[in-house]
């Protein structure tokens, strides 16, 4: 297998005039997409920009569009995504491209904060540590979403994000949902206000691309559905008061 | 832009269920004014309405009716699916539900079609 060459196309955007975009990369066993990109940068074109850190699917920094699908490249075998022996690798969708395969993640993280994806503590260091019941339904709901690695794959997969620049996106809304269900978090009103505004959970059309492509098998679509229910309940309750 | 070129990330059942729901809704919205216009003839011009109703015996109209019932069924089940998904705290595979909704819609449309011909 090692003798075979892979035909890799790198989508370097409209400013790539004169830059090489097609590369022949020697195929190897157990080769990830990130291995391929790294090979290109180390052996063919040192100017190629991309981003990675941990290489084991924990840091969430290496996500790219691979064959039109957002993926974590360090945990994606190239053999799984090849069309014949070719594939196109591009920067994540829905985020501004800095250069080549590196995107500006600022909008993604800004929305994380805008969705109140921050801890709203109610205790001080002098209080005893709160006991968390791992079997409580709310805790089970929260646990379902806490393994998010902020890779932005769901954000890149979402057509609602493409259509509405203000939409907070699946990852941020899912974090809001986990915090809403977290017994230690006391930001309920702030979270519900943040996720029910113009860019909030009600923009979601339940297309399900977030859930379909989450590399950690999380389910942001259902988390957003939970937010829709809670914001609606809270709306009717406030109306009665 | 090259970013929108070749987005294959839409090729999954839930996205297809979403687009089917939207397109069937649009098509039904376009059909409704025509529907009401024909119905209004019952009051304004009954003879012309009878002429119109004779058209329903034509094969092409029967095929169109099949499409109409399919759109109605698909839109109704798609809407029920969406409401169930968003209002009932279900976690199990919605994909199965979406596929089942489409299958039931198709079944109803086929039954209607068989009866019509």
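A compact table of results
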item	result
Per-residue Cβ neighbour rank within 10 angstrom, fewest leading, B:50, A:45, A:29	A:29, B:50, A:45
Semi-axis lengths, Å, the range A:114-241, gyration tensor of Cα atoms, sqrt of 5 times eigenvalues	24, 19, 13
Euclidean distance between Cα centres, the range B:14-78 to the range A:126-195, Å	43 Å
Stokes-Einstein D (µm²/s) once Rh is taken as the Kirkwood radius of the range B:2-116 over alpha-carbon pairs, at 10 °C in 1.306 mPa s	96 µm²/s
Relative frequency of Cα-Cα separations exceeding 23 Å in the range A:45-148, percent	49 percent
Residues A:237, B:62, sorted so that the one with the fewest Cβ neighbours within 10 Å comes first	A:237, B:62
Using alpha-carbon coordinates, inclination of helix A:170-180 to the longest axis of chain A, degrees	30 degrees
For chain A: relative contact order, % (alpha-carbon pairs under 8 angstrom, 6 or more apart)	17 percent
Percent of alpha-carbon pairs separated by more than 25 Å within chain A	48 percent
Sorted by Cβ density within 10 Å, fewest first, the residues A:148, A:59, A:204, A:210	A:59, A:148, A:204, A:210
Mean ellipticity per residue at 222 nm, deg cm²/dmol - from DSSP H runs of n ≥ 4 across chain A, formula -39500 (n - 2.57)	-9000 deg cm²/dmol
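Only the coordinates and a few stated rules stand behind these numbers; no lab work does. Just so it is clear, the structure is predicted and the values come from calculations on it, not from any experiment. No Cβ is skipped: glycine too gets one built from the backbone with ideal geometry, and neighbour counts run over all protein chains shown.
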